[in-house]
Amino acid sequence: MIDFEAFNDAMDGDNDMMAMIIELYNEEHGNDIQVIQEKYANSDIDGLLHTVHSLKGVLLTLCEENASEQFETIERLCKRGEKPAPQMINTVLSEMLKVNQQIATHTRTN
């Protein structure tokens, strides 16, 4: 989950910057759950690596820790050419659903 207080602090309270980063997340990563599912199903380890690496970076900018840490583990496995266990993917995608819901709620209220 995103720590909006920490995100606000990291952005020095700049609401415009926060909104821009959230908008970028939505535009660039709004469908990453489906992308990850497809790459995983097709055993596209290189594509999965690229997707989770990019997503992890923006999540860290948003001060999100749970999914970021899980993506770090997945990234390490992919770098070694290993396909992560299905449960690992399911767990991180479940966390991503929560993050996406959190962003949608935040966007509607601000």
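The values are calculated or read from the model by the stated rules, or taken from the named source; none is laboratory data. Everything numeric here is computed off the predicted structure, so don't read it as measured data. For neighbour counting, all protein chains shown are included, and Cβ atoms are generated from backbone atoms with ideal geometry for every residue, glycine included. Side chains are part of the model used for accessible areas, which takes the heavy atoms of the whole protein and leaves out ligands, DNA and RNA. Shrake-Rupley method; radii C 1.70, N 1.55, O 1.52, S 1.80 Å.
A few points about this structure:
- Only a single item in (1) under 20 Å from Lys98 (Cα atoms); (2) open to solvent by 50 Å² or more (accessible area, probe 1.4 Å); (3) polar (S, T, N, Q) is not met by Ser68, and it is number (2).
Residues checked against (1) over 17 Å from Leu93 (Cβ atoms); (2) without any contact (Cβ under 8 Å) to a residue 24 or more places away in the chain:
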| position | (1), (2) |
| --- | --- |
| Asp12 | yes, yes |
| Met18 | yes, yes |
| Ile21 | yes, no |
| Leu24 | yes, no |
| Gln37 | no, no |
| Asn42 | no, yes |
| Val52 | no, no |
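- Met18, sole failed condition from (1) part of a helix (DSSP H, G or I); (2) exposed (fewer than 14 other Cβ atoms within 10 Å of the Cβ); (3) not polar (S, T, N, Q): (2)
- Unique residue being open to solvent by less than 70 Å² (accessible area, probe 1.4 Å) and either aromatic (Phe, Trp, Tyr) or within 21 Å of Ala10 (Cβ to Cβ) (or both) when the list is Gly81, Gly57: Gly57
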